[in-house]
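*Asks:* Shown below is the structure under consideration.
The values are calculated or read from the model by the stated rules, or taken from the named source; none is laboratory data. Quick caveat, the model's predicted, so the values are computed rather than measured. Counting neighbours? That spans all protein chains shown, and the Cβs are built from the backbone with ideal geometry, glycine included.
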Amino acid sequence: MSLNKHYQTYQNNAVNTASGAELTMMLYNGCIKFIKQAKKNMNEKDYEAKNVNIQKAQSIIQELMLTLDPEIEISNQMLPLYEYMLHQLKEGNIKNEPSLLDEALIYAVEFRDTWKEVILKTGQNQYAQGAKV
């Protein structure tokens, strides 16, 4: 089994055994990773890769939007922020403007860091302690 295959197996196991809190953390980390990669692609003028990475970040945000519970007040406050992030990513993609991606990235990092604090305070898992992108 190749090293890549072992890593893929590890990642699949991590996702399949993760709690809901851990999965949310993974989504935030993935979103951050893809936005950063899209910015790098933009700087390298690799517009096809930039588009793919922005679309991945947008898909993650859309998934996060689906997890919001409209019965909980904070969900109603987060939805417009997620919509704003999607808008900034779309505009950044169209205009090839890194500052628009930066704005979405700031929100993603803030949400990830806040979520990390929630996990640590509720003691849901050790995953948050090592979550850095």
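*Asks:* State whether one or more residues within the stretch 4-22 are among the basic types (K, R), at pLDDT below 95 and either part of a helix (DSSP H, G or I) or over 18 Å from T114 (Cβ atoms) (or both).
*Replies:* The answer is yes, given that some residue of the stretch 4-22 is among the basic types (K, R), at pLDDT below 95 and either part of a helix (DSSP H, G or I) or over 18 Å from T114 (Cβ atoms) (or both).
*Asks:* Tell me whether the stretch 121-128 contains one or more residues that are at pLDDT below 95 and buried (at least 17 other Cβ atoms within 10 Å of the Cβ).
*Replies:* Yes - at least one qualifying residue is present in the stretch 121-128.
*Asks:* Sticking with this one: I want to confirm something. Restricting to the stretch 66-104 and keeping residues that are under 18 Å from the mean Cα position of the chain (by Cα) and outside any helix (DSSP H, G or I), which single residue is surrounded by the most Cβ atoms within 10 Å (Cβ to Cβ)?
*Replies:* By that ranking, first place goes to L68.
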